[in-house]
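**Q** Dropping a structure here in structure tokens format, bear with me for questions.
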Amino acid sequence: MKIFEFIMSEGFFDMFLDIVIIIIKIAVVVGVAMLHVMYATWAERKSIGRMQVRMGPMEVGFHGLLQPIADGVKLFFKEDIIPANADKPVFYVSPVIIMMSTLVSLSVIPFFDGFVVANINIGLLFILAMSSIGAYGIVLAGWSSNSKYPFLGGLRASAQVISYEVAMGLSLVGVMIMAGSLNLQDIVKAQAAYPTGMYVVPQIIAFFVFVVSALAETNRTPFDMPEAENELVAGYFTEYSGIRFALFFLGEYVGMIVMACMAVVCFLGGWTLPPFIVKIVPFVESVPFIGLFIFLAKLYVCIFFYYWIRATVPRYRYDQVMALGWKLLIPLALLNILITGVIKILA
Amino acid sequence: MTLNQVFFGYFAFVIVLTSLLVVTRKNPVHSVLWMLIMFFHVAALYLFLNAEFIAAIQIIVYAGAILVLYVFVIFLLNLKQEIGDEQRVGEWPVGLAIALSIGLLMLIPMAGIKVGMMGKWGVKAIEDETHTVALGKVLYTDYLLPFELASLILLVAIVGAVVLSKKKKKVEGQ
């Protein structure tokens, strides 16, 4: 009887409603993120094609607009091959770890004022924690394939990700000091109080360190050593095919979007416009969902920056990657913490 | 039984189960993976204590850095030989008996545990200040000296590791 009373009580109904709302929010965020991943691949091929004076995908649909759907269908129906001596459970689980760790990071990102799946006080640390878990997916995929190229790719990835995680964490400390909070919503609101409405101006050193280490964390060119195709075939996912390969691909793109979101939230003012622009055109604030559009516009600029870098810069040598991380980025980030701390005390 | 107890029971059960799996797996990589799951559940226990900062650090430092280094070392072992080896030494029942009796000895004083005095940082105070702020304030005011001493000891360890791993210069004439 007690259980029945509990179910009929007000408290249970509220809890039930909360859970339903959270599930709807998760569905919306994951759905929109997946759509973005699909068209991020299309946009990448298109924009890199244009930069290299090619057309990019043109065949499927108008200007290749249906290409991502065709690619997805193809990957779903491809044969799933598992190497004979692979460590099967680990081989199955590693693409899932990558997908999980990147998708979960989306849950703490505030997309516009008041819209975030989980408004937690340690949002920034949560994303750092999840990106360090993603390294397992790469390392274990390389090891469990029982093949030399994936193994080398996995080893490279683990060393690279550990090194650049330090630089990325330290670069965000400047933002934490200025905002006085680890809650991503509070960080955005703290930036609105600043004259330019963005931390990228006072934290320019940190922003540079963050952008470079975000490229390295997501294994994008010029830091794509773990999947350097002319040395390692395809790096850590060489032995994966079909839907498991697709999971790696999705995880990588979601990771890229998460890092771009972090740049927008921590350095570019999130969903807000700089105060001086609002002063010139005050009516923008009354447009419905304007915050979401501003956020997305900033996000697309960041993602385009990834493509731009990829089309411009050649790949680093492995020892150069390590030297850059430990000898340049980490000292710069430490210097930035020192300067920010001193200014915070004096001001 | 409240909802909190149900969750605590789940986390405690999984921690015990995965800890057992860690020590009984033949393949060290599988052990590391079970340990990863255990670390997540330990972090969840910290969340129960309103210690969100410690929970995040638990994942970043233990799961993200230390355990990856374990994986690194294990990769350099000869795993095929490791898996083929006999897992237990012949005298394992003796070891088990000793371990169990030490465990029992530790259980006896549990009955005498008394809840200590409530300090300044109760659940309410931490919820008001947020855990990170509270921890920072305590560490950098009341416990500044122990905190700095601990960091000095860690620094010595780092410098020591660098010195030990540095290649010695060749003596002339050799």
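Bear in mind these aren't lab numbers, they're just calculated from the coordinates by the rules spelled out. It should be emphasised that the depicted structure is a prediction, and the values quoted were computed from it without experimental measurement. Neighbour counts are summed over all protein chains in view; Cβ atoms, including those assigned to glycine, are modelled from backbone coordinates with ideal geometry.
**Q** With a cut-off of at most 15 other beta carbons within 10 Å, and DSSP calling the residue loop, which trypsin sites (Lys or Arg not before Pro) in segment A:247-323 qualify? Please list them. Before the final figure, lay out each step's value.
**A** Numbers: sites: A:LYS279, A:LYS298, A:ARG310, A:ARG315, A:ARG317; in loops: A:ARG315, A:ARG317.
For trypsin sites (Lys or Arg not before Pro) across segment A:247-323 that sit outside H, G, I, E and B with at most 15 neighbouring Cβ atoms in 10 Å, the list reads A:ARG317.
**Q** Name the residues of segment A:180-209 whose amide N is less than 19 Å from a point 7 angstrom out from the Cα of A:VAL32 along the C-beta direction?
**A** A:184-189
**Q** Give the calculated FRET efficiency between A:LEU292 and A:LEU338 to the nearest 0.05, with a Förster radius of 35 Å applied to their Cβ-Cβ distance.
**A** On the way: r = 37 Å, r/R0 = 1.05.
The value I calculate is 0.40.
**Q** If you rank B:LYS137, B:LYS167 by fewest surrounding Cβ atoms within 10 Å, what's the result? Walk me through the numbers before you get to the answer.
**A** Details: B:LYS137 12, B:LYS167 5.
Sorted ascending by nearby Cβ count, the order is B:LYS167, B:LYS137.
**Q** On to the next question. Hydropathy first: keep DSSP H helices in chain A averaging at least 0.5 on Kyte-Doolittle, then drop any whose Cα extent along the axis falls short of 18 Å, and list what survives. Working shown, then result.
**A** Working: long enough: A:10-51 (60 Å, 1.16); A:88-105 (27 Å, 1.37); A:123-144 (32 Å, 1.67); A:148-179 (46 Å, 1.03); A:204-217 (19 Å, 2.49); A:242-267 (38 Å, 1.93); A:290-312 (33 Å, 1.59); A:330-346 (24 Å, 2.20).
The qualifying helices are A:10-51, A:88-105, A:123-144, A:148-179, A:204-217, A:242-267, A:290-312, A:330-346.
**Q** Give the residue from A:ALA84, A:ALA141, A:GLY153 lying farthest towards the positive end of the charge dipole for segment A:68-166; charges sit on Cβ (+1 for Lys and Arg, -1 for Asp and Glu) and the dipole is referred to the Cα centre.
**A** Of A:ALA84, A:ALA141, A:GLY153, it is A:ALA84.
**Q** Could you tell me which of rounded, prolate or oblate describes segment A:140-237, using a ≥ b ≥ c as the square roots of the eigenvalues of the alpha-carbon gyration tensor, with rounded for a/c under 1.5 and, failing that, prolate when a/b is larger than b/c and oblate otherwise? Intermediate values should be presented prior to the final figure.
**A** On the way: a/c = 3.81, a/b = 2.87, b/c = 1.33.
Since a/c reaches 1.5 and a/b is larger than b/c, the shape of segment A:140-237 is classed as prolate.
**Q** Next question, about the same structure. Based on the mean of other beta carbon atoms within 10 Å per residue, what is the order of B:3-12, A:166-175, A:57-66, A:269-278, most packed first?
**A** Details: B:3-12: 11.7, A:166-175: 23.7, A:57-66: 13.7, A:269-278: 18.3.
Final packing ranking: A:166-175, A:269-278, A:57-66, B:3-12.
**Q** Please identify every one of the GluC sites (Glu not before Pro) in segment B:88-171 that sits in a loop by DSSP and has no more than 14 other beta carbons within 10 Å of its own beta carbon.
**A** B:GLU91
**Q** Calculate the spin-label point distance for B:ILE108 paired with A:VAL301, positioning each point 7 Å from the Cα along the beta-carbon direction, and give it in nanometres.
**A** Going by the 7 Å Cα→Cβ label model, 7.0 nm.
**Q** Another question, then. In square nanometres and to one decimal, what's the mean projected area of the convex hull around the Cα atoms of chain B? Could you put the intermediate results ahead of the total?
**A** Numbers: hull surface 69.7 nm².
The orientation-averaged projected area of the Cα hull of chain B comes to 17.4 nm².
**Q** Could you point to the residue in B:LEU154, B:VAL133, B:LEU164 farthest towards the positive end of segment B:121-166's charge dipole, with +1 and -1 charges on the Cβ of Lys/Arg and Asp/Glu respectively?
**A** After comparing all options, I get B:LEU164.
**Q** Moving on to the next point. Averaged across the residues of B:123-130, what count of C-beta atoms belonging to other chains lies within 10 Å of each residue's C-beta?
**A** Values: counts 0, 0, 0, 0, 1, 0, 0, 6.
For peptide B:123-130, the averaged partner shielding equals 1.
**Q** I'd like to verify something in chain B: which complete DSSP H helices, judged by Cα projection on the helix axis, reach 20 Å or more and average at least 0.5 on the Kyte-Doolittle scale? If you can, show how the numbers build up before the last one.
**A** Numbers: long enough: B:3-24 (32 Å, 1.95); B:28-48 (30 Å, 1.77); B:92-107 (22 Å, 2.10); B:144-165 (32 Å, 2.43).
Once both thresholds are applied, what remains is B:3-24, B:28-48, B:92-107, B:144-165.
**Q** Here's another thing I want to ask about it. Residues of segment A:273-305 with amide nitrogen under 15 Å from the 7 Å Cα-to-Cβ point of A:GLN52?
**A** No residue qualifies, since no backbone N sits under 15 Å from the label point.
**Q** Let me ask another. Just want the ordering: A:CYS266, A:CYS302, from fewest to most Cβ atoms lying within 10 Å of their own Cβ.
**A** On the way: A:CYS266 29, A:CYS302 20.
Ascending number of Cβ neighbours within 10 Å: A:CYS302, A:CYS266.
**Q** Taking the convex hull of the Cα atoms, report for the protein assembly as shown its projected area averaged over all directions, in nm². Before the final figure, lay out each step's value.
**A** Working: hull surface 143.6 nm².
Mean projected area of the Cα convex hull: 35.9 nm².
**Q** Mind listing which chymotrypsin sites (Phe, Trp or Tyr not before Pro) in segment B:95-154 are in a DSSP loop and have 14 or fewer other Cβ atoms within 10 Å?
**A** Values: sites: B:TRP121, B:TYR140, B:TYR143, B:PHE147; in loops: B:TRP121, B:TYR143.
Taking segment B:95-154 and a limit of 14 other Cβ atoms within 10 Å, the loop chymotrypsin sites (Phe, Trp or Tyr not before Pro) found are B:TYR143.
**Q** Could you work out the percent of alpha carbon pairs in segment A:78-346 separated by over 34 Å, rounded to a whole number? Please report the intermediate quantities before stating the final value.
**A** Details: 7958 of 36046 pairs.
Tail fraction, whole percent: 22.
**Q** Relative contact order of chain B, please, whole-number percent, based on alpha carbon pairs below 8 angstrom and at least 6 residues apart.
**A** Numbers: 71 pairs, mean separation 30.5, N = 174.
It comes to 18 percent, rounded to a whole number.
**Q** Is it possible to state the helix-based mean residue ellipticity at 222 nm for chain B, with each DSSP H run of 4+ residues giving -39500 (n - 2.57), the sum divided by total residues, to the nearest 500 deg cm²/dmol? What is it? Don't skip to the answer; put the middle values down first.
**A** Values: 9 runs with 120 residues, N = 174.
The helix contribution divided over chain B gives -22000 deg cm²/dmol.
**Q** Could I ask something else about it? Between A:PHE115 and residues 5 or more places away or on another chain, which pairs have amide H atoms under 5 Å apart, with H built 1.01 Å from N, and which residues are they?
**A** Answer set, sorted by chain and number: none.
**Q** GNM on chain A, C-alpha springs below 10 Å: top fluctuator among A:ILE21, A:ILE294, A:ILE309?
**A** A:ILE21
**Q** What whole-number distance in Å separates the alpha-carbon centres of segment B:1-42 and segment A:229-298?
**A** Spelled out, the Cα-based centre of one part sits 34 Å from the other.
**Q** So, one more: Debye sum, Cα scatterers, segment B:1-78, no solvent: what log₁₀ I/I(0) at q = 0.15, 0.22, 0.23 1/Å?
**A** Evaluating at q = 0.15, 0.22, 0.23 Å⁻¹ gives log10 I(q)/I(0) of -0.57, -0.99, -1.04.
**Q** Calculated FRET efficiency, A:VAL96 and B:SER19, Cβ-Cβ r, R0 22 Å, to nearest 0.05? The partial results should precede the final answer.
**A** Working: r = 23 Å, r/R0 = 1.04.
That pair, A:VAL96 with B:SER19, gives E of 0.45.
**Q** Give me A:ILE303, A:ILE187, A:ILE120 ranked fewest to most by other Cβ atoms within 10 Å of their Cβ, as a rough exposure proxy.
**A** Values: A:ILE303 22, A:ILE187 25, A:ILE120 19.
Fewest-to-most Cβ neighbours within 10 Å comes out as A:ILE120, A:ILE303, A:ILE187.
**Q** Round to the nearest 0.05 the FRET efficiency obtained for A:ILE345 and B:LEU152 when R0 = 30 Å and r is the Cβ-Cβ distance. Could you put the intermediate results ahead of the total?
**A** Numbers: r = 23 Å, r/R0 = 0.76.
Computed FRET efficiency for A:ILE345 and B:LEU152 comes out at 0.85.
**Q** Further, regarding this structure: Anyone know which of A:ALA141, A:ALA216, A:ALA33 comes out most mobile in the 10 Å Cα GNM of chain A?
**A** Of A:ALA141, A:ALA216, A:ALA33, the most mobile in the Gaussian network model is A:ALA33.
**Q** Averaged over A:134-141, how many beta carbons belonging to a partner chain fall within 10 Å of each residue's beta carbon?
**A** Working: counts 1, 6, 8, 0, 0, 5, 5, 0.
So the per-residue partner count for this stretch is 3.
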